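First up is the structure itself, then whatever we jot down about it.
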Amino acid sequence: MSKAKLRVKGILLDLDGTIVDSKEAYLEAAKTAFQILGQKPPEKRTALEIPKRLEQNLPINGIVNGSVTDFLNVYLKTYYSVTMEKTKPFPNVQATLEQLSQKMQLALITMRFVPKTQIIMELELFSLAKYFSHIITALDTHKPKPSPEALIKTVKALDVNMCDCVIVGDSVIDVRAGKTAGTKTVAVLSGLFSRAELALEHPDLILNDVTQLPNHVDSVS
């Protein structure tokens, strides 16, 4: 992984695990779904394995007994209903976005299957919406990450070249999407994936969290 600063015009940021801490929302969704299905909720570590597997399109049969479809219906409905209440920005994120937005265009790409307006409302609660030139959700694409579709659409909206952009996210899916699209890639350790899991994807950088990003990127002259 390179130690030199990444020179970019656009920064494509993931939401959950990157800008906001969503673990409490994930846990609430798991607790509700298991209770409604009459099952005892698993321990925290196992419950947080569910969103990791869903992101990667991996089965959750080993965690959920009975109908996975019934579980997911409750789980996802609950998750999307509590994000406004249960998610919160990571410390110093607003100052970081303020600093970055003065030099580069910022965009937000989320895998949540919700309307863009819902994401904007959540960001406005945290005074973060104003920093993003473009926001795209899973509803705006035919194929979510790791497909490069969302990145391609976003880069076109920003009117910059793909090679002049970096995707920043906490998931292996973010890194894979960036590599497929042809952007630079930065993984952060503030979400659900470990350093070892992220390192296997060979991102350009691995940072503790997004607040370190201003020290590692610079604008293209």
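Values computed for the structure shown
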quantity	calculated
Within the range 13-28, considering residues that are among the hydroxyl-bearing types (S, T, Y) and within 12 Å of the chain's Cα centre (by Cα), the one surrounded by the most Cβ atoms within 10 Å (Cβ to Cβ)	T18
Matching residues, the range 171-218, being over 17 Å from L100 (Cβ atoms), charged (D, E, K, R) and more than 15 Å from the chain's Cα centre (by Cα)	K179, R195, E197, E201
Matching helices (runs of 4 or more DSSP H) fully within the range 10-107 where at least 3 residues are of a type in the set (A, V, I, L, M) and closer than 30 Å to D164 by Cα	93-101
Filtered residues of the range 1-57 (kept if more than 22 Å from D209 (Cα to Cα) and among the hydroxyl-bearing types (S, T, Y))	T32, T46
Verdict on V82 being touching a Gly at 6+ places or on another chain (Cβ under 7 Å) and not charged (D, E, K, R)	no
Flag if L207 is touching a helix residue (DSSP H, G or I) at 6+ places or on another chain (Cβ under 8 Å) and not assigned by TED's automatic domain parsing to the domain that holds I50	yes
Yes/no for K40 being surrounded by fewer than 19 Cβ atoms within 10 Å (Cβ to Cβ) and within 16 Å of A187 (Cα to Cα)	no
Failed item in (1) farther than 29 Å from L6 by Cα; (2) outside any helix (DSSP H, G or I), with T117 passing the rest	(2)
Scan of the range 43-71 for residues that are among the basic types (K, R) and surrounded by 14 or more Cβ atoms within 10 Å (Cβ to Cβ), ordered by number	K52, R53
Search result, residues across the range 120-143 that are part of a loop (DSSP other than H, G, I, E, B) and closer than 12 Å to Q94 by Cβ	F126, S127, L128
Those residues of the range 151-193 which are charged (D, E, K, R) and either closer than 25 Å to N92 by Cβ or at pLDDT below 95 (or both), in sequence order	D170, D174, K184
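For (1) touching a residue at least 60 places away in the same chain (Cβ under 8 Å); (2) touching a helix residue (DSSP H, G or I) at 6+ places or on another chain (Cβ under 8 Å); (3) not small (G, A, S), each residue gets a yes or a no:
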position: R7; (1), (2), (3): yes, yes, yes
position: G10; (1), (2), (3): yes, yes, no
position: L15; (1), (2), (3): yes, yes, yes
position: S22; (1), (2), (3): yes, yes, no
position: A33; (1), (2), (3): no, yes, no
position: I36; (1), (2), (3): no, yes, yes
position: A47; (1), (2), (3): no, yes, no
position: K52; (1), (2), (3): yes, no, yes
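The values are calculated or read from the model by the stated rules, or taken from the named source; none is laboratory data. Since this is a predicted model, take the numbers as computed values, not measurements. Reconstructed Cβ throughout: ideal geometry from the backbone, glycine too, with neighbour counts over all protein chains shown.
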